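The values are calculated or read from the model by the stated rules, or taken from the named source; none is laboratory data. None of these values were measured; they are calculated from a predicted model. Every residue, glycine among them, receives a Cβ derived from its backbone with ideal geometry; neighbour counts consider all protein chains shown.
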Amino acid sequence: MKFWDDMKIHDMEQLIFCQDDKSGLRAVIAIHSTKQGPALGGCRFWSYASEADAVRDAMKLAKGMTYKAAISGLPYGGGKAVVWNIPGITDRDAAFEALGRFIDRLHGEYITGVDLGTTTHDMDQIHLHTKYVTDQSGTLGAMGDFTAEMTAYGVFLGIKESMRYKYGSLDLHNTRIVVQGLGKVGYALCRLLHQAGASLFVTDIDTVKTAIAAKEFDATPVSPETIYTQSCDVFAPCALGGVLNHISIPLLTCGIVAGAANNQLADERLADMLEQRNILYAPDFAINAGGIISTGAELSGADAARAQLAVEQIPHTLAAIYSYAKISGITAVAAATKLAEIKFM
Ligand code: NAD
């Protein structure tokens with residue numbers, strides 16, 4: 001991997017490689033932009049096939065955080081820490097403590113938090129050595145699944161706004177919605193959609209989660225393999241990124257794709273393919289910003305109620321994106337990207 005070439009491609013400011021002999025920590029902190037403020041973005045603990053994959057993931061995710069913060073009008077840039085989950089990690093607590101020391105050396109240029117594979121307990125270890133962390137014990141982020149709940153709430157409001165834009169109605173009664181991925185966000189989203197009267201189709205690679213959701217939300221269980229062909233009005237990806245690709249897009253029957261997953265498009269140019277199929281796509285970094293918005297609100301001293309109020313700006317952001325896309329004759333992704341870049345360039 002050519003690190004500097006990749007940094008240039010992604011417009012990265014800085015990559016910090018961290019290594020700690022005692023705990024076996026191998027981590028990379030990717031800082032995409034600090035133009036609008038400190039780089040904010042969680043810490044991922046994940047097994048990667050190679051160190052190049054880990055570094056690339058960190059860069060891609062950090063860039064996404066910059067766009068997410070910018071489109072949401074937050075005074076933050078984007079960053080991400082990736083801890084490579086390797087057998088060499090002999091002491092997890094000591095590894096996260098070591099990471100805390102590395103983060104502290106950046107004097108607040110990067111603020112971390114929970115992400116895929118990390119927990120409040122890990123943030124507590126980081127917090128022993130730095131104040132530049134969120135989601136540690138005693139914070140809103142550590143309260144149940146508050147961040148995921150706020151992400152789901154933002155996606156729920158974003159689905160309604162997309163329905164209003166495309167079909168002229170906010171009413172979800174009898175709207176057929178597919179939810180792919182029934183983890184923290186997907187499950188919370190199902191609850192909100194069910195309460196609003198939507199007819200749900202649910203899937204997860206974990207069949208137990210699918211069965212539980214089907215029962216609780218009176219939903220139709222669908223296998224992960226056939227989910228793209230399921231007849232529906234809205235498709236909500238809430239599992240992994242890259243699910244919108246050359247194979248899945250031609251199979252979709254929906255009028256709207258709007259979900260929580262990061263980096264849903266396998267390639268940004270696929271936004272054109274969705275447009276050609278007359279499918280409205282809610283740009284992921286705009287609709288799934290509920291987590292970063294609530295974290296930003298908490299960092300500025302807001303309580304849970306005010307954090308939730310801040311998340312309610314998401315439908316307004318989407319409305320602005322859709323109308324800019326229409327006026328300019330471009331896709332919603334291109335519009336969202338331009339609007340975000342105007343804010344952080
Ligand atoms: P999670 O790990 O709690 O849940 C993900 C779920 O997806 C799991 O149940 C998993 O079994 C399922 N899954 C994985 N592959 C699947 C497949 N091919 N088909 C169906 N199900 C599959 O994660 P989460 O916190 O709910 O996040 C979901 C997505 O939303 C991720 O892409 C994440 O990056 C994004 N996101 C999360 C937040 C947040 O606050 N948690 C914020 C913004 C974006």
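Note on segment 224-256: residues that are surrounded by 15 or more Cβ atoms within 10 Å (Cβ to Cβ), away from the ligand (no atom under 14 Å from the Cβ) and either of a type outside the set (S, T, N, Q) or without any contact (Cβ under 8 Å) to a residue 24 or more places away in the chain (or both) amount to 8. For segment 112-124, filtering for residues that are on the phi > 0 side of the Ramachandran plot and either assigned to a helix (DSSP H, G or I) or free of Cβ contacts under 8 Å to residues at least 12 places away in the same chain (or both) leaves 0. Being over 17 Å from the mean Cα position of the chain (by Cα), buried (at least 23 other Cβ atoms within 10 Å of the Cβ) and of a type in the set (A, V, I, L, M): is that true of residue 327 here? Judged against the criteria, residue 327 is not a match.
Residue 263 - would you say it is within 16 Å of the ligand (Cβ to nearest atom) and either at pLDDT below 95 or among the β-branched types (Val, Ile, Thr) (or both)? Against the criterion (within 16 Å of the ligand (Cβ to nearest atom) and either at pLDDT below 95 or among the β-branched types (Val, Ile, Thr) (or both)), residue 263 qualifies. Residues of segment 297-345 that are touching a strand residue (DSSP E or B) at 6+ places or on another chain (Cβ under 8 Å) and at pLDDT 95 or above: 322, 331, 332, 333.
Take segment 125-136 and flag every residue that is of a type in the set (A, V, I, L, M), buried (at least 20 other Cβ atoms within 10 Å of the Cβ) and either on the phi > 0 side of the Ramachandran plot or outside any helix (DSSP H, G or I) (or both). Listed by number, the list holds a single entry, 133. Among the helices (runs of 4 or more DSSP H) confined to segment 1-111, the ones with at least 1 residues that are more than 17 Å from residue 127 (Cα to Cα) are located at 3-9, 51-71.
Applying the condition of being among the hydrophobic types (A, V, I, L, M, F, W, C) and touching a Cys at 6+ places or on another chain (Cβ under 8 Å) to segment 102-122 and asking which residue is nearest to the ligand (Cβ to nearest atom) yields 114. In this structure, does residue 54 turn out to be buried (at least 19 other Cβ atoms within 10 Å of the Cβ) and either under 20 Å from residue 132 (Cβ atoms) or of a type in the set (D, E, K, R) (or both)? Answer is no for this residue. Scanning segment 87-94 finds no residues that are closer than 22 Å to residue 298 by Cα and surrounded by fewer than 23 Cβ atoms within 10 Å (Cβ to Cβ).
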